[in-house]
1. Which residue, of B:178, B:138, B:114, is at pLDDT 85 or above, more than 30 Å from residue B:328 (Cβ to Cβ) and buried (at least 19 other Cβ atoms within 10 Å of the Cβ)?
2. Would you confirm whether any residue within region B:286-294 is closer than 15 Å to residue B:126 by Cα and polar (S, T, N, Q)?
3. Of the residues B:341, B:356, which single one is surrounded by fewer than 20 Cβ atoms within 10 Å (Cβ to Cβ) and in a helix (DSSP H, G or I)?
4. Scan region B:216-262 for residues that are in contact (Cβ under 8 Å) with a residue 60 or more places away in the chain and not in a helix (DSSP H, G or I) and report the count.
5. If I filter region B:37-55 for residues that are modelled with pLDDT under 85 and among the polar types (S, T, N, Q), do I get at least one hit?
6. For residues that are touching a residue at least 12 places away in the same chain (Cβ under 8 Å) and either charged (D, E, K, R) or at positive phi (or both), scanning just region A:60-77, find the one that is nearest to the other protein chains (Cβ to nearest Cβ).
7. With away from chain A (no Cβ under 12 Å), at pLDDT 85 or above and surrounded by fewer than 20 Cβ atoms within 10 Å (Cβ to Cβ) as the only criterion, which of B:68, B:25, B:30 stands out?
Amino acid sequence: MEIKILGSGCPKCQTTEKNVKEALAESGLNAQVDKVTNVMEIAKYGVFLTPAVVIDGKVKSVGKIPDMEEIKMWIEQ
Amino acid sequence: MKERIKLLIIVLIFLACYFIPWSNSTIRQSGLEAFMMLQEYAREHVLTCLIPAFFIAGAIAVFVSQASVLKYFGARAKKFLSYSVASVSGTVLAVCSCTVLPLFAGIYSRGAGIGPATAFLYSGPAINVLAIVLTARILGWQLGLARAIGAVLFAILTGLLMAFFFRKDDTARIAGQIYLPEEGDKGRTLTQEAFFMLTLVLILIFAAFAKPAEGSTGLWPIIFAVKWYITGGLLVVLGFMLKGWFVKDERVTWVQSTWGFMKQIFPLLGAGVLVAGFMLGRPGHSALIPEHYIQYLVGGNSLWANLFASVSGALMYFATLTEVPILQGLLGAGMGKGPALSLLLAGPALSLPNMLVIGSVMGVKKTATFCVIIVVMSTIAGMCYGAIVG
């Protein structure tokens, strides 16, 4: 599984990254977590608002900090 | 924060402590001015102006549906709507430039194209609600109003000019899925939301209601005399609205987002006030930089003064809202009203670091054009404003 966190480094994006990592740790799954900070890269995903979470190429959330429950649902699928 | 940067900061602070010549009387005076100015802000502006404004910014971030705004930036949106929405959406979408840049890149490369994208890029940081409120409060309502109107007009003009200059532009736009934040069912009518925002804005207006001049008659002193009763009444109304119309989650996110803005902006603003006080002093008091320098560079309303103000505004980086205390200091030290507006219009939208990112998105040529358009228009607006206000 490949998880990408899109965001230009604002506090919200950092919280999102932390939530994703904690959700991964709690569900015991292994995944590659990358940050995408280049704005053109972000735009390529069709995402207008950050932070956004992309899992295996699919955009899961846009413009908000997803909570742990949501993230667990996505990664356990 | 990386450890190396922490070390660097500590070393810098140490060097400052070690070397600042506090025995020099000008330096002492400047240090005193810095804290006097900070105190003035703490006493006059924090409780009645900034705190309500933060709650409004928080409410806008949480309760205004971003998806409903963003859909006007899609590739198939009507051009007329894209421009009008882009020019005012800064009030709704952005408080700091870190949200503006990804949005700009998205609109530019996947959405409505260069015109609306640059219109938004300009309006985003320039007309957020906190900046306008604080400008009007501290620098006078004339300048606040001029800033708000100027920013909206500039956004549209910049967008149209960019679209005209680069009309043959063939940047391959990738048509594809655009992801917007989902629009949750909120269980409130638009009227209810409008009333809620109106109440917040009224609280801000009455709490920050300025003391009328001695001996003035009419409505103004009457309102001033009862302003705290009105504010109290409005707070009660607000309480009922919150209880009746919003669920607990929404209230929590509102407070969280308000708190987020405060954490982000207060330290920067405090530091900005200290620096402005140290360098320039409160209006009527001199500090480190002698007043005749300021008067020489940006005094009066000459072409040179306006141009200098807009170019330096374009290059300098102002953290959100810090442009206000800096301008307060400059105006107090003899800056003209026209150059002040030039700096306000060119300042927040552009900065050297910002230009680098914009350059990576749309290339050097377009970025240069964008900056030149803004500098030229700011200079002209400053001269007109200076001529009118005097």
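1. Values: B:178 fails: at pLDDT 85 or above; B:138 fails: more than 30 Å from residue B:328 (Cβ to Cβ).
Only one candidate passes the filter, namely B:114.
2. Here is the first cut: in region B:286-294, the ones closer than 15 Å to residue B:126 by Cα are none.
No: region B:286-294 contains no residue that is closer than 15 Å to residue B:126 by Cα and polar (S, T, N, Q).
3. Working: B:341 fails: surrounded by fewer than 20 Cβ atoms within 10 Å (Cβ to Cβ).
Of B:341, B:356, the one residue that is surrounded by fewer than 20 Cβ atoms within 10 Å (Cβ to Cβ) and in a helix (DSSP H, G or I) is B:356.
4. 1
5. Yes: region B:37-55 contains one or more residues that are modelled with pLDDT under 85 and among the polar types (S, T, N, Q).
6. If we filter region A:60-77 for residues that are touching a residue at least 12 places away in the same chain (Cβ under 8 Å), which is where we start, we get A:60, A:62-68, A:71-72, A:74-76.
Subset that is either charged (D, E, K, R) or at positive phi (or both): A:60, A:63-64, A:67, A:72, A:76.
On the way: A:60: 9, A:63: 4, A:64: 6, A:67: 11, A:72: 19, A:76: 20 Å.
Once the filter is applied, the top-ranked residue is A:63.
7. Values: B:68 fails: at pLDDT 85 or above; B:30 fails: surrounded by fewer than 20 Cβ atoms within 10 Å (Cβ to Cβ).
When all the criteria are applied, what remains is B:25.
Let's see how each residue does on (1) among the hydroxyl-bearing types (Ser, Thr, Tyr); (2) surrounded by fewer than 17 Cβ atoms within 10 Å (Cβ to Cβ); (3) more than 21 Å from residue B:123 (Cα to Cα); (4) without any contact (Cβ under 8 Å) to a residue 24 or more places away in the chain:
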| site | (1), (2), (3), (4) |
| --- | --- |
| B:42 | no, yes, yes, yes |
| B:79 | no, yes, no, no |
| B:82 | yes, no, no, no |
| B:86 | no, no, no, no |
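The values are calculated or read from the model by the stated rules, or taken from the named source; none is laboratory data. No experiment lies behind these values; they were computed from the predicted model shown. In this analysis, Cβ positions are derived from the backbone assuming ideal geometry, glycine residues included, and neighbour counts consider all displayed protein chains.
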